[in-house]
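*Asks:* Dumping the structure here so I can ask a few things about it.
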Amino acid sequence: MQLQDQVHIGGSADMTIETIAEPVRKNYLNDKQGILSWLLTTDHKRIGLLYTFSITVLFFIGGFFALMMRLELLSPRNWLVSTETYNKLFTMHGIIMVWFFLIPSIPNTIGNFVIPLMIGAKDLAFPKLNLASWYVFMLGAGVTIYALFRGGVDTGWTFYTPFSTGYSTTYVIAAAMGIFISGFSTIMTSVNFIATIHRMRAPGLTWFRLPIFIWSMYANSVVLVLNTPVLAITLVMVAVERVFQVGIFDPALGGDPVLFQHMFWFYSHPAVYTMVLPGMAVISEIVPVFSRKPIFGYTAVAFSSVGIAVIGFLVWGHHMFVAGESVYSAMAFSLLSYFVAVPSAIKVFNWTATMYKGSVSWDTPMLYAIGFIGLFTIGGMTGLFLAALGLDVHVHDTYFVIAHFHYIMVGGTVMAFLGAFHYWWPKISGKLYPEGLGKLGAMIVFLGFNLTFFPQFVLGYLGMPRRYAAYPEEFQMLHIISTAGATILGVGYILPLCYLIWSWKYGKPAGPNPWRATGLEWQTSSPPPTHNFKKTPVVNVRAYDYEAMKEQLGLREREFENV
Amino acid sequence: MTPPPLTRKTLALVFLALWALVLGTTLIGFIDLGQYNIVVSVAFAAIQALLIALFFMQALYEGRIIRIIITGGIVWFLIMETLTLGDYMTRGWLPFPGK
């Protein structure tokens, strides 16, 4: 470890990062004690952990609903829950997973923790705003859980009108209010990230020396600041129509239901990218480290995040091809939807090219990263099927769509989320997790995921519609395979939770830089001190400079041998 | 940060202008200008939004990055409007089968 500490101070001979990764007894975990020190903290690292705890609980609540649905679908006929309850299960699963897990998952946990560390800052630009965002998030989650306990919502996570405004007898307004409140939390965090990345980078850390993680999180934050207010006003209009019978979306009152879909998807399609951009951010960090190479085509990967952010705003109409949208408008949206595949493909090709002729090691984070690349590619390619006007008419609102977006959101984002936690766990906890169990967990998740969702492509193509509790008997075998996969997937998610908690107390000390990575976050001790660095780092090298590190490593090893 | 050069007089004038525009929007509802009713109403609303952004949100006195971000927000809003209205305006271009 002594050798590692010396090696990773800098990446090249002329690098002047002036931080010494020497062991620090006081760190952000033991600096202050007591529950209040956590509830009133303004330390970005502690707030990241508060978010991690909350989001993990919500993930398992959302996962429980998914498991109930899968159990119900074991049989072609209703046997476990009523059709009304089934409607509530898929609605609450969607609401909790989208707004209370996927969107905040990586930014608010890992992003909160590592962004200031990666750019050499002591904290985020607005630490109090950061803490406030967690409280607002918890309030939003609390209101949504209230809706759940009062009987739930049955509109689907999309709140389509006029059902949501005129016909549903469930707790639509409470659920919408929970989401509305959580939107403020999202905006607070995003504004914080934007200001921090603009204003608090270490001396010498220019835009093109930043890790790709920062580029992606920046693009992600901009998208969230621009689209979240549209969702907020749309949900307010749903509430206004529902309560005051003002005709906005309901044709019976003089409104237009497709207008709701335009506004909802103007938010929600970019929101899909806000779920996967942070995942891409993580993969762009993991792949170079475990390939021992700089990322291939740094500039292209950096700008592809911006490209996804921009083009992602122009494609929402592909959700409405069969909803009465004009043919001309549909053609334009179809074409624009193809365009968004370009920056996504740039990333996939460049990650692959980074691995090419690299010194690839198969540690747990890399297994998750490779899983992400494969599953995201399948999810992305089937997205092109859905962007094609004619094919979309055939598979619209079927399990094909379910499989497609789960390949992006679960195969992509959740894999990246787990990869991120394994990669930065030594920094967060100061401890190493058991690598063998880590690899086993990654393989179980990959197997369980594919077993759950691949049959759903077939189901959808054969005509099985989404959101039905009962179905023709010929679909049963595929549903049974899917449910079996979901059970395996559940085990795959519980396993890392168990050994990560175990390693928090019993894991071996990690040292400052167990992966021999180049980022600034690895130049400080693990766990980091409250203010991250003893001295503000100064950077004069590009990101992922593994060639320079290799040279320096050789030099240090020789020095070490000579001593 | 230095406080913006906004006087009470300026703020009061902007406030009065906003109310004048509200009055104008209301009055225009009573006059039949045909298709131009909507044009005038939207123009009044746009001027109101502009006044609020420039003076109350102090965009007039902010730096380049803030102005770029505000412009970005407006461009994004226009994207939503343009593509949404593009749908509504082109729906009648293709005749319904059998009609």
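The values are calculated or read from the model by the stated rules, or taken from the named source; none is laboratory data. Quick caveat, the model's predicted, so the values are computed rather than measured. Counting neighbours? That spans all protein chains shown, and the Cβs are built from the backbone with ideal geometry, glycine included.
*Asks:* For segment B:85-98, indicate whether the set of residues that are surrounded by fewer than 12 Cβ atoms within 10 Å (Cβ to Cβ), more than 14 Å from chain A (Cβ to nearest Cβ) and on the phi > 0 side of the Ramachandran plot is non-empty.
*Replies:* Here is the first cut: in segment B:85-98, the ones surrounded by fewer than 12 Cβ atoms within 10 Å (Cβ to Cβ) are B:92-98.
From what is left, the residues that are more than 14 Å from chain A (Cβ to nearest Cβ) are B:98.
From what is left, the residues that are on the phi > 0 side of the Ramachandran plot are B:98.
So far as segment B:85-98 goes, yes, one or more of its residues are surrounded by fewer than 12 Cβ atoms within 10 Å (Cβ to Cβ), more than 14 Å from chain A (Cβ to nearest Cβ) and on the phi > 0 side of the Ramachandran plot.
*Asks:* List the number of the failed condition for residue A:527; all other conditions in (1) crowded, with 23+ Cβ neighbours inside 10 Å; (2) under 25 Å from the mean Cα position of the chain (by Cα); (3) closer than 14 Å to residue A:114 by Cα hold.
*Replies:* (1)
*Asks:* Something else now. As an exercise: evaluate residue A:259 against (1) outside any loop (DSSP other than H, G, I, E, B); (2) buried (at least 21 other Cβ atoms within 10 Å of the Cβ); (3) within 13 Å of another protein chain (Cβ to nearest Cβ) and give the number of the one condition it does not meet.
*Replies:* Checking residue A:259 against (1) outside any loop (DSSP other than H, G, I, E, B); (2) buried (at least 21 other Cβ atoms within 10 Å of the Cβ); (3) within 13 Å of another protein chain (Cβ to nearest Cβ), the one that fails is (2).
*Asks:* Give me the pairs, please: first residue somewhere in segment A:485-507 and within 27 Å of residue A:406 (Cα to Cα), second residue anywhere and charged (D, E, K, R) and assigned to a helix (DSSP H, G or I), beta-carbon distance under 7 Å, and either six or more positions apart or on two chains.
*Replies:* From segment A:485-507, the pairs are A:486/A:70.
*Asks:* May I pose another question? Out of (1) farther than 19 Å from residue A:110 by Cα; (2) under 19 Å from the mean Cα position of the chain (by Cα); (3) surrounded by fewer than 22 Cβ atoms within 10 Å (Cβ to Cβ), the odd one out for residue A:465 is which?
*Replies:* (2)
*Asks:* Residues to consider are B:79, B:69; find the one that is within 11 Å of another protein chain (Cβ to nearest Cβ) and at pLDDT below 85.
*Replies:* On the way: B:79 fails: at pLDDT below 85.
Going through B:79, B:69 in turn, the sole match is B:69.
*Asks:* Same structure again: Looking only at segment A:302-329, filter to residues that are within 12 Å of another protein chain (Cβ to nearest Cβ) and polar (S, T, N, Q); which one of those is nearest to residue A:346 (Cα to Cα)?
*Replies:* Looking at residues that are within 12 Å of another protein chain (Cβ to nearest Cβ) and polar (S, T, N, Q), I get A:329.
*Asks:* I need the full set of residues from segment A:375-397 which are small (Gly, Ala, Ser) and surrounded by fewer than 16 Cβ atoms within 10 Å (Cβ to Cβ), in order please. Let's see the steps before the verdict.
*Replies:* Taking segment A:375-397 as the starting set, the residues that turn out to be small (Gly, Ala, Ser) are A:379-380, A:383, A:387-388, A:390.
Passing the criteria: only A:390.
*Asks:* Could you run through segment A:189-242 and say how many residues are more than 30 Å from residue A:172 (Cα to Cα), more than 11 Å from chain B (Cβ to nearest Cβ) and among the basic types (Lys, Arg)?
*Replies:* Residues of segment A:189-242 that are more than 30 Å from residue A:172 (Cα to Cα), as a first pass: A:192-219.
With more than 11 Å from chain B (Cβ to nearest Cβ) added as a condition, the list becomes A:192-193, A:196-197, A:200-219.
Then drop every residue that is not among the basic types (Lys, Arg), which leaves A:201, A:209.
The qualifying residues number 2.
*Asks:* Here is a check on your reading of the model: is residue A:186 over 23 Å from the mean Cα position of the chain (by Cα) and touching a residue at least 60 places away in the same chain (Cβ under 8 Å)?
*Replies:* Numbers: over 23 Å from the mean Cα position of the chain (by Cα): no; touching a residue at least 60 places away in the same chain (Cβ under 8 Å): yes.
For residue A:186, the condition - over 23 Å from the mean Cα position of the chain (by Cα) and touching a residue at least 60 places away in the same chain (Cβ under 8 Å) - is not met.
*Asks:* Which of the residues spanning segment A:420-444 are more than 11 Å from residue A:509 (Cα to Cα) and among the basic types (Lys, Arg)?
*Replies:* A:439
*Asks:* Could you list, in sequence order, all residues of segment A:479-506 that are farther than 20 Å from residue A:59 by Cβ and crowded, with 20+ Cβ neighbours inside 10 Å?
*Replies:* The one that is farther than 20 Å from residue A:59 by Cβ and crowded, with 20+ Cβ neighbours inside 10 Å: A:479.
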